[in-house]
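Working notes, structure below.
A short reminder: the numbers here are calculations on the coordinates, not readings from a lab. Remember, predicted model here, so these are calculated numbers, not experimental data. Glycine gets a Cβ as well: all are built from the backbone with ideal geometry, and neighbour counts include every protein chain shown.
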Amino acid sequence: MKFQDDLNRSMHWSNIWHMSFNIDKYKVMHLGRTNKAYVYCLDNVPLVEVTEEKDLGIIISKDLKVSKQCASAYSKASRALGLINRTIMYKSTKVLLRLNKSVVRPHLEYCTVDWSPHYVKDKELIERIQHRFTRMIPEIKDKQYLERLQQLNLWTLEER
């Protein structure tokens, strides 16, 4: 268990230099199906094992799938879109486009390089927000989705 040896050396170094670790903040996530789930300790205190962790707004799960990240982004963007729909009375295309680009879309695009969805179900979930947004614009709400995007000069979120 090389990792446990590294933890022990780190603990020894911290004791020598009087720089204590906050052991409560340390967690272990075992990645992969064949990974042996060893119990790691720091200063003889077992570290908490987690199946997912959120860091800088990105959810990392044990299986490295991004479904929970997509659901979280969808939820935040959906709330923002609902707020816009309930509070904005003058629904001009120009105003709604600016609000969408500045308030809603950042939730869907935050760190997508890191968590870019690969599964169709995740892509469709994220795309649903833009479907809802384009239906909010009174002049084009009866048209097909791709026509609405073309008229608004928008791309699908997958193409972005």
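Remarks
- Largest GNM mean-square fluctuation among 122, 142, 24, using the chain with Cα springs under 10 Å: 24.
- Considering only the chain, percent of DSSP beta bridges that pair antiparallel, nearest 5: 75 percent
- Here the translational diffusion coefficient of the chain follows from Stokes-Einstein with Rh set to the Kirkwood radius across Cα pairs; for 37 °C and 0.692 mPa s it amounts to 172 µm²/s.
- Cross-link reach is defined here as a Cα-Cα straight distance under 23 Å, omitting same-chain residues fewer than 8 places apart; for residue 143 the lysines meeting it are 91, 94, 101, 123.
- Comparing 69, 150, 130 in a Gaussian network model of the chain (Cα springs below 10 Å), the most mobile by mean-square fluctuation is 150.
- Which of 11, 29, 89, 19 has the fewest Cβ neighbours within 10 Å, and the rest in rising order: 89, 19, 29, 11
- Note on the range 2-50: Cα convex hull, mean projected area over all directions, 3.5 nm².
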